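Structure in structure tokens, see below.
The values are calculated or read from the model by the stated rules, or taken from the named source; none is laboratory data. This one's a predicted model, so the numbers in the text were calculated from it and none came from an experiment. In this analysis, Cβ positions are derived from the backbone assuming ideal geometry, glycine residues included, and neighbour counts consider all displayed protein chains. Keep in mind that these areas ignore ligands, DNA and RNA; they rest on the heavy atoms of the full protein, side chains included. Shrake-Rupley method; radii C 1.70, N 1.55, O 1.52, S 1.80 Å.
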Amino acid sequence: MNILLKKFIQNPLKICTVKASTNLSAKKIANLINNTENNNVIEIGGGTGALTQFVKNKDVTIIERDYELSEILKTNYPQYTIKNQCGVSYLKEYKNEYGLLASIPLIDKELKTELINCINDHISKNQIKWIVNLGYQYFDPLKGINFKNKKRYITLKSFPLEMIWHYF
Ligand SMILES: C[S@@+](CC[C@H](N)C(=O)[O-])C[C@H]1O[C@@H](n2cnc3c(N)ncnc32)[C@H](O)[C@@H]1O
């Protein structure tokens, strides 16, 4: 059984998927990220690292709340910094410039509000440069974020359909 399916059975609301995201989405995300100017990328909700695999020449910190998944990430990505904690708590303490790759479930309204407030604070300080969010939401999953531009990309050959939201 794949590890995300196992985790989903144990705690569906914290994992929100039964499989890793597709390579099609991961490649699209890498295209969006690899040519950006800032070097610092924070990924929240790394899972097994499916979205990280095509990101190149960036200093990546992956925050994964599940201990077992964070240990897998440490094995798969020894070149990156892996932290086993809540991504939102991590961002709240973060002081440097960064771009954010996110794929955490946004079902918990309190956590989602905390994330949006934290990002808007970082936008006002010119600390966060862009966000790429992968999920299954057709409508803006981070409505209320103060970036001027947002684009949605749909990975058509995925099931369920993966939606990539790019804010910049
Ligand atoms: C939908 S999976 C995405 C996994 C992987 N990025 C992918 O696309 O295949 C969501 C992941 O976010 C993690 N997660 C959920 N809430 C989190 C939080 N608050 N902080 C960090 N990770 C979280 C889960 O443990 C899970 O690995």
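Pull out all pairs, ordered by first then second residue, where Cβ-Cβ is under 9 Å, the residues are six or more apart or on different chains, the first lies in the stretch 152-163 and is without any contact (Cβ under 8 Å) to a residue 40 or more places away in the chain and on the phi < 0 side of the Ramachandran plot, and the second is of a type outside the set (A, V, I, L, M, F, W, C) and loosely packed, with under 12 Cβ neighbours inside 10 Å.
Short answer, once both residue conditions are applied: ARG152/TYR138; ILE154/TYR138; LEU161/TYR138; MET163/TYR138.
Please state which one of ILE42, ILE29 is more than 7 Å from the ligand (Cβ to nearest atom) and more than 20 Å from GLU162 (Cα to Cα).
Answer to the selection: ILE42.
Taking the conditions exactly as written (of a type in the set (Ser, Thr, Tyr), open to solvent by less than 60 Å² (accessible area, probe 1.4 Å) and farther than 24 Å from ASN38 by Cα), does THR113 satisfy them or not?
no
Are any of the residues in the stretch 2-22 part of a strand (DSSP E or B), within 12 Å of the ligand (Cβ to nearest atom) and under 18 Å from ASN133 (Cβ atoms)?
For the stretch 2-22, residues part of a strand (DSSP E or B), within 12 Å of the ligand (Cβ to nearest atom) and under 18 Å from ASN133 (Cβ atoms): absent.
If you don't mind, there's one more thing I want to ask. Only residues in the stretch 60-71 that are more than 14 Å from TYR98 (Cα to Cα) count as the first member; pair them with residues that are assigned to a loop (DSSP other than H, G, I, E, B) and of a type in the set (A, V, I, L, M, F, W, C), Cβ under 6 angstrom, at least 6 apart or cross-chain, and list the lot.
ARG65/CYS86
While we're on this one: Taking the stretch 7-26 as the search range and keeping residues that are of a type outside the set (A, V, I, L, M, F, W, C), open to solvent by 70 Å² or more (accessible area, probe 1.4 Å) and free of Cβ contacts under 8 Å to residues at least 60 places away in the same chain, which one is nearest to SER70 (Cα to Cα)?
GLN10
List every residue pair whose Cβ atoms lie under 9 Å apart, where the two residues are 6 or more positions apart in sequence or sit on different chains, the first residue falls within the stretch 35-46 and is among the charged types (D, E, K, R), and the second residue, located anywhere, is more than 16 Å from the ligand (Cβ to nearest atom).
GLU37/LYS129
Conditions (1) within 23 Å of ILE72 (Cβ to Cβ); (2) in a loop (DSSP other than H, G, I, E, B); (3) open to solvent by less than 30 Å² (accessible area, probe 1.4 Å); (4) near the ligand (Cβ under 10 Å from one of its atoms), marked per residue:
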| position | (1), (2), (3), (4) |
| --- | --- |
| ILE119 | no, no, yes, no |
| ILE123 | no, no, no, no |
| LYS129 | no, no, no, no |
| GLN137 | no, yes, no, no |
| LYS143 | no, yes, no, no |
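Keeping to the stretch 56-76, report how many residues are open to solvent by less than 60 Å² (accessible area, probe 1.4 Å) and either within 12 Å of the ligand (Cβ to nearest atom) or in contact with a Pro (Cβ under 9 Å, 6 or more places away or on another chain) (or both).
Number of matching residues: 9.
Let me ask something else about it. Limited to the stretch 86-107, what total is found for residues that are assigned to a loop (DSSP other than H, G, I, E, B) and over 14 Å from the mean Cα position of the chain (by Cα)?
Residues meeting the conditions: 5.
Looking at the stretch 27-49 only, could you name the residues that are farther than 14 Å from ILE131 by Cα and buried (at least 21 other Cβ atoms within 10 Å of the Cβ)?
Scanning the stretch 27-49 gives GLY46, GLY47, GLY49.
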